[in-house]
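Written below as structure tokens is the structure these notes are about.
The values are calculated or read from the model by the stated rules, or taken from the named source; none is laboratory data. These numbers were taken from a predicted model, which means no experiment stands behind them. Heads up, the Cβs are rebuilt from the backbone with ideal geometry, glycines too, and the neighbour counts pull from every protein chain shown. Calculation scope for accessible area: heavy atoms of the full protein, side chains included, ligands and nucleic acids excluded. Shrake-Rupley method; radii C 1.70, N 1.55, O 1.52, S 1.80 Å.
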Amino acid sequence: MYTPPRVLTVAGSDSGGGAGIQADLKTMLALGTHGMSVLTAVTAQNSLGVQGAWDLPAEAVRAQFRSVVDDIGVQAVKTGMLSSPELVETVAALLGEVSAPVVVDPVGVSKHGDALLAATALEAVRTKLLPTATVATPNLDEVAQLTGVEVREEADMRRAAAAVLEFGPGWALIKGGHLSGDAVDLLTDGEQEHWLRAPRHDNRHTHGTGCTLASAIAARLAHGDTVPEAVAAAKEYVTGAIAAGFRLGEGIGPVDHGWQLR
């Protein structure tokens, strides 16, 4: 009997279904893995923004994690919204007990500019969470938030990656989607360097891009890919999902997680 690779997401819920846990599970299914979840927060969210957010107690997060890992097991883990120092430290300690690869998406703000990470949690992300990461996937705003490095052009991305790697992840994926021109990302472990480029699609419906990319990387790692292989495959998947993003509600719609199925 075939059992698909098992991937765990530790993240918040997006009630609109475009990002967070919902985007993660859709991505994991689309890429042939069994997705499982540890819910860290509940948000009231739609295409217009985040109307409210409520953290779950650390005890509930710990219990969910133990339930999944101790019985079912995991072959990759992805983290997303961890808004408080207590949640960051709790999850970092739990990740230290697993041998599976970990993809850390250090979520700082939503697509609409809503803060999803307390300023008081930044130090815990730097010193506790990032050292557990096989791959860390910050966008340019999150790079600035975590390191103080401002990326204004492609040449700045090497300096940004070096600053992120100082916190201890195995690899840093600096996402340059906020720059002009082609969508370019830099993946490096401090020695190897991989530049990933894709055409920029004229589509404003890109909600969930970061969650989707990180989950796709985790899914490919669970299949046994190397980090560069996983990131390249995830970049291809998310580029297609962005191209197929669709309107939902009156604001920014989601990427299309099922684009390969049509």
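Could you list, in sequence order, the residues of segment 127-164 that are open to solvent by less than 50 Å² (accessible area, probe 1.4 Å), out of contact with any His (no Cβ under 7 Å at 6 or more places or on another chain), closer than 20 Å to L82 by Cα and free of Cβ contacts under 8 Å to residues at least 60 places away in the same chain?
L129, L130, T132, A133, A136, P138, E142, V143, A144, L146, T147, V164, listed by residue number.
Of everything in segment 23-36, what is under 23 Å from L95 (Cβ atoms), open to solvent by less than 50 Å² (accessible area, probe 1.4 Å) and not β-branched (V, I, T)? Give them in sequence order.
Across segment 23-36, the qualifying residues are A23, D24, M28, L31, G35, M36.
Got at least one residue in segment 47-58 being without any contact (Cβ under 8 Å) to a residue 40 or more places away in the chain, open to solvent by 30 Å² or more (accessible area, probe 1.4 Å) and outside any strand (DSSP E or B)?
Yes, segment 47-58 has at least one match.
Tally up the residues in segment 20-46 that are at positive phi and assigned to a helix (DSSP H, G or I), please.
Of the residues in segment 20-46, the ones at positive phi are 20, 32.
Next, only the ones that are assigned to a helix (DSSP H, G or I) stay: 20.
The total comes to 1.
Given the structure, is A234 within 21 Å of V10 (Cβ to Cβ) and of a type in the set (A, V, I, L, M, F, W, C)?
yes
Given the residues A133, A161, A124, which is the only one that is within 15 Å of the chain's Cα centre (by Cα) and at pLDDT 90 or above?
After ruling out the rest, the residue left standing is A133.
Can you find, within segment 213-262, the residue that is farthest from the chain's Cα centre (by Cα) among those that are of a type in the set (V, I, T), assigned to a helix (DSSP H, G or I) and under 18 Å from Q75 (Cα atoms)?
This residue is V227.
When you check L221 against the structure, is it closer than 24 Å to A92 by Cβ and either open to solvent by less than 10 Å² (accessible area, probe 1.4 Å) or in contact with a helix residue (DSSP H, G or I) (Cβ under 8 Å, 6 or more places away or on another chain) (or both), yes or no?
Values: closer than 24 Å to A92 by Cβ: yes; either open to solvent by less than 10 Å² (accessible area, probe 1.4 Å) or in contact with a helix residue (DSSP H, G or I) (Cβ under 8 Å, 6 or more places away or on another chain) (or both): yes.
Taking the combined requirement at face value, the residue satisfies it.
Taking T239 as the residue in question, decide whether it is surrounded by 16 or more Cβ atoms within 10 Å (Cβ to Cβ) and closer than 15 Å to D24 by Cβ.
no
Residue by residue through segment 197-208, note down the ones that are open to solvent by 20 Å² or more (accessible area, probe 1.4 Å) and in contact with a Pro (Cβ under 9 Å, 6 or more places away or on another chain). Talk me through it step by step, then tell me what you get.
Start the filter on segment 197-208 by keeping residues that are open to solvent by 20 Å² or more (accessible area, probe 1.4 Å), which leaves 197, 199-206.
Within segment 197-208, H205, T206 qualify.
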